[in-house]
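Read the structure below first, then the notes.
The values are calculated or read from the model by the stated rules, or taken from the named source; none is laboratory data. The structure displayed is predicted, hence computed values, not measured ones. Heads up, the Cβs are rebuilt from the backbone with ideal geometry, glycines too, and the neighbour counts pull from every protein chain shown. Please note that ligands, DNA and RNA were not included when accessible areas were found on the heavy atoms of the full protein model with its side chains. Shrake-Rupley method; radii C 1.70, N 1.55, O 1.52, S 1.80 Å.
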Amino acid sequence: MLQKNKIDFIRIAKSLNTLLLIGFTVAMISNTVLASIVWKAYFNKSRTVVPPTISAAFTVSDTSIDEPYLQQMAEYFAFLKLNVTPASVDHQYKQLATYIDEADWHQMQPLLVEDAAMIKKQNISSHFTINETQIALDDRLVKITGTLNKYVGKRALEPETISYIIAMNYDHGQLSLKAIKKVQKDVR
């Protein structure tokens, strides 16, 4: 009888091991399938992107953008930065700040605050008219050249032809602003 109990115990243990192995295999397959579904859902999200003004068709995916989208967003950033008055500068810069890349926040945000304070203190207003746009899609850089008209109070300053480089980043379907830098003129 003792021998039969041992044989039954061994048979039950083997059956239990087989059931555990089958359960483990089913769990692993289920986890793999669920992980692939979650992966696709996270990285292939569709989204509706509407720039402030749409002047050309563009294509946006989770991993890439095209030149028209980059150009339209760069022009929008230039508008927010350069078309300001003492009354509108806080609103314009606040909108611009929502696009600043987290890695560059510590550099750009203080510059915007300082610039806004100077615009209000000196009663400066400006208007930028874009003449030319050059795009480096792979580097996410846009060079915008145009005419900047500035006023101090009621006094108009001499219009200035100027260029700005707008650096952007595009990760996981989100465009962010890295920098807006004035291109220094060559001194000869």
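Key figures for this structure:
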{"quantity": "Candidates Glu114, Glu102, filtered to the one that is among the charged types (D, E, K, R), without any contact (Cβ under 8 Å) to a residue 24 or more places away in the chain and surrounded by fewer than 18 Cβ atoms within 10 Å (Cβ to Cβ)", "calculated": "Glu114"}
{"quantity": "Output for the range 72-89, where each listed residue is over 18 Å from Ile166 (Cα atoms) and open to solvent by 10 Å² or more (accessible area, probe 1.4 Å)", "calculated": "Thr85, Pro86, Ala87, Ser88"}
{"quantity": "Candidate set from the range 177-188 (those that are basic (Lys, Arg) and part of a strand (DSSP E or B)); member that is farthest from Gln107 (Cα to Cα)", "calculated": "Lys182"}
{"quantity": "Considering residues of the range 130-163 that are among the hydroxyl-bearing types (Ser, Thr, Tyr) and without any contact (Cβ under 8 Å) to a residue 40 or more places away in the chain only, the residue farthest from Met118 (Cα to Cα)", "calculated": "Thr145"}
{"quantity": "Check on Tyr93, in contact with a Leu (Cβ under 7 Å, 6 or more places away or on another chain) and not in a strand (DSSP E or B)", "calculated": "yes"}
{"quantity": "Residue in the range 164-176 that is more than 23 Å from Gln109 (Cβ to Cβ), surrounded by 11 or more Cβ atoms within 10 Å (Cβ to Cβ) and in contact (Cβ under 8 Å) with a residue 60 or more places away in the chain present", "calculated": "yes"}
